[in-house]
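Asker: Following this message is one structure expressed as structure tokens.
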Amino acid sequence: MTIAQHLNIALPSPVQRFKPDWPGAEKVNIYIKRDDLIHPVVSGNKWRKLSGLFANADTLPREIISFGGGFSNHLHALGYCCAQLNIPFTAMVRGDYSLHPTPMLQDLASWGVTIRYITKLEYHRRHDPAYLTSLQNLYPLATIVPEGGTQQLALAGVQQTLLESQQTFDVVMSPVASGATLAGLITALTPKQHALGIAVLKGVGYLESLVEQFLPEGCCSNWQIEHAFHHGGYAKSGSELTAFINTAWERYQLPLEPVYSGKVFFALKVLLAQNKFAEGTNLLIVHTGGLQGARKDA
Ligand SMILES: *Cc1c(COP(=O)(O)O)cnc(C)c1O
């Protein structure tokens with residue numbers, strides 16, 4: 001049994017045809033890669049990015065430390081996996097939620113995760129080599145996993161999102177935050193296929209550089225990032241996005257949240273209306289999950 005099977009991660013995730021009554025949608029074929037359905041707790045692309053860490057029962061980490069905010073899908077997925085696998089896990093959380101823990105943090109606590117609330121100043125140093133060395137000295141046995149699970153090791157896991165299914169497509173769409181997911185998708189494309197990332201935060205140029213750092217030298221010009229759909233920035237949203245998400249659920253039973261997937265499907269609707277895709281284009285939208293992060297505070 002693989003570790004993924006042991007954790008009941010249901011792979012491959014389903015691909016569903018999506019036929020919204022949006023202007024322009026009738027001219028293309030839309031498919032959704034439902035990575036939100038791989039597990040009731042472990043969020044889609046966060047499993048993809050972590051899967052390399054848990055690939056082999058003989059090389060499991062002895063202990064894990066990682067970083068995230070109070071709603072982090074990454075800490076949530078990692079916390080669940082560590083609890084199931086009996087791996088001690090310390091979550092370094094940005095800010096102090098000790099008086100008002102979010103649903104995500106309440107889950108971590110119930111799974112026996114050690115939560116360390118750190119100041120924004122300390123959190124800011126999460127990629128600083130000197131800081132990481134001192135952390136490693138404090139936790140000599142620990143594998144330190146970067147925020148979001150975003151590291152080169154994550155790409156092979158993300159590639160599986162495309163490689164595991166037979167679905168043919170011309171354009172794949174996904175959200176972009178740290179860029180590892182888009183980079184993983186790009187590196188699984190054939191030269192004729194194209195990746196379209198939807199920026200979920202403000203970062204023209206910056207987000208492209210994040211993606212590029214993960215791509216092999218000279219690799220791949222068949223991708224781009226759309227920057228018009230961040231709705232004000234990371235985790236920002238507005239009444240238009242909220243209404244769109246509610247309608248998507250009512251009309252199509254498509255579960256979306258405002259931080260990632262809501263922005264991607266909102267973008268899709270606008271791009272279709274603008275005739276951005278040639279007639280007959282096969283679009284594959286990766287639903288990366290993240291629904292736990294949308295739970296309201298208790
Ligand atoms: C973290 C996350 C993303 C962003 O992925 P990156 O690899 O950081 O770009 C997208 N969707 C969901 C649901 C996420 O939790």
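The values are calculated or read from the model by the stated rules, or taken from the named source; none is laboratory data. Computed from a predicted structure; not experimentally measured. In this analysis, Cβ positions are derived from the backbone assuming ideal geometry, glycine residues included, and neighbour counts consider all displayed protein chains. Quick note on the areas: whole protein, heavy atoms, side chains included, nothing else; ligands and nucleic acids left out. Shrake-Rupley method; radii C 1.70, N 1.55, O 1.52, S 1.80 Å.
Asker: Any chance you could give the angle, 0 to 90 degrees and rounded to 10, that helix 129-138 forms with the longest Cα principal axis of the chain?
Answerer: With rounding to tens, the tilt is 50 degrees.
Asker: How large is log10 of I(q)/I(0) for segment 53-149 at q = 0.11, 0.14, 0.23, 0.25 Å⁻¹ when the intensity is taken from the Debye formula with one equal scatterer per alpha-carbon?
Answerer: For the requested q values the scattering log ratios are -0.29, -0.48, -1.26, -1.43.
Asker: Could you give me the ³J(HN,Hα) list for segment 146-151, computed from phi with Karplus coefficients 6.51, -1.76, 1.60 and θ = phi - 60°, whole Hz, x at Gly and Pro?
Answerer: Working through the residues one at a time gives x, 3, x, x, 7, 7 Hz.
Asker: Related question: Using the Karplus equation 6.51 cos²θ - 1.76 cosθ + 1.60 (θ = phi - 60°), what ³J(HN,Hα) coupling, rounded to whole Hz, does each residue of segment 106-116 give in order, writing x for Gly and Pro?
Answerer: 5, 4, 4, 4, 5, 8, x, 6, 7, 9, 10
Asker: So, one more: How much of the accessible area of the chain, probe 1.4 Å, is carbon plus sulfur, in whole percent?
Answerer: 53 percent
Asker: Right, something else. If you average the C-alpha positions of segment 1-27 and of segment 247-279 separately, how far apart do those two centres end up, in angstrom?
Answerer: The two parts, judged by their Cα centres, are 15 Å apart.
Asker: For the chain, give the share of DSSP beta bridges that are antiparallel, in percent and rounded to the nearest 5; count only bridges with both residues there.
Answerer: 10 percent
Asker: While we're on this one: Enter the accessible area per residue of the chain (Å², integer; probe 1.4 Å; all protein chains in place).
Answerer: The answer is 46 Å² per residue.
Asker: At a Förster radius of 30 Å, what calculated FRET efficiency corresponds to the Cβ-Cβ distance of Ala228 and Glu279, to the nearest 0.05?
Answerer: Here the calculated transfer efficiency is 0.85.
Asker: What 222 nm value per residue comes from the helices of the chain, counting each DSSP H run with n ≥ 4 as -39,500 (n - 2.57) and dividing by all residues, nearest 500 deg cm²/dmol?
Answerer: That comes out to -9000 deg cm²/dmol.
Asker: So, one more: Ranked by accessible surface with a 1.4 Å probe, highest first, in what order do Lys296, Lys27 come?
Answerer: Most to least solvent-accessible, the answer reads Lys296, Lys27.
Asker: Using 0.36 nm per residue of separation minus the Cα-Cα distance, give me the extension gain between Val15 and Lys27 in nm, one decimal.
Answerer: 2.4 nm
Asker: Under unit Cβ charges (Lys, Arg +1; Asp, Glu -1), what dipole magnitude, rounded to 20 debye, does the chain have relative to its Cα centre?
Answerer: It works out to roughly 240 debye.
Asker: Under 16 Å from the Cα of Lys296, which lysines turn up, not counting those fewer than eight places away in the same chain?
Answerer: Here the lysines satisfying the reach criterion relative to Lys296 are Lys236.
Asker: What distance in nm separates the two pseudo spin-label positions at Leu141 and Arg62, each 7 Å out from Cα along the beta-carbon direction?
Answerer: 0.6 nm
Asker: Check Ile30: other-chain or 5+ apart residues with amide H under 5 Å from its amide H, H built from backbone geometry?
Answerer: Hits under the 5 Å cutoff: Phe18, Leu283.
Asker: Evaluate the charge dipole of segment 56-173 about its Cα centre and quote only its size in Debye, nearest 20, assuming +1 on the Cβ of each Lys and Arg and -1 on the Cβ of each Asp and Glu.
Answerer: That gives a dipole near 340 debye.
Asker: Another one. Identify unpaired cysteines across the chain, taking unpaired to mean no other cysteine Cβ lies under 4.7 Å from the residue's Cβ.
Answerer: Result for the chain is Cys81, Cys82, no neighbouring Cys Cβ within the cutoff.
Asker: Filter Lys27/Lys192; Lys27/Lys49; Lys49/Lys276; Lys33/Lys202; Lys46/Lys276; Lys19/Lys269 down to the pairs with a C-alpha to C-alpha distance above 23 Å, please.
Answerer: Lys27/Lys49; Lys49/Lys276; Lys33/Lys202; Lys46/Lys276
Asker: Working out 0.36 nm times the residue gap between Gln152 and Gln167, then minus their Cα-Cα distance, what length gain in nm do you get to one decimal?
Answerer: Contour length minus Cα-Cα distance gives 2.8 nm.
Asker: With a 1.4 Å probe and all protein chains kept in place, how do Arg48, Arg251, Arg295 rank by accessible area, largest first?
Answerer: Largest accessible area first, the list is Arg251, Arg295, Arg48.
Asker: Tell me, what is the FRET efficiency for Ala55 and Ser110 to the nearest 0.05, using R0 = 22 angstrom and their Cβ-Cβ distance as r?
Answerer: 0.25
Asker: Within segment 205-220, what residues put their amide N at less than 17 Å from the label point 7 Å along the Cα-to-Cβ vector of Lys236?
Answerer: Output list for this probe position: 205-207.
Asker: Another question, then. So if the hydrodynamic radius of the chain is defined as the Kirkwood radius over C-alpha pairs, what does Stokes-Einstein give as its diffusion coefficient at 37 °C and 0.692 mPa s, in µm² per second?
Answerer: It comes out at roughly 166 µm²/s.
Asker: While we're looking at this one, here's another question. With θ set to phi - 60°, apply the Karplus curve 6.51 cos²θ - 1.76 cosθ + 1.60 along segment 4-13 and write out the HN-Hα couplings as whole Hz, x wherever there is a Gly or Pro.
Answerer: 4, 5, 4, 7, 6, 6, 8, 10, x, 6
Asker: Can you pull the percent of Cα pairs in segment 171-264 with separation above 15 Å?
Answerer: More than 15 Å apart: 59 percent of the Cα pairs in segment 171-264.
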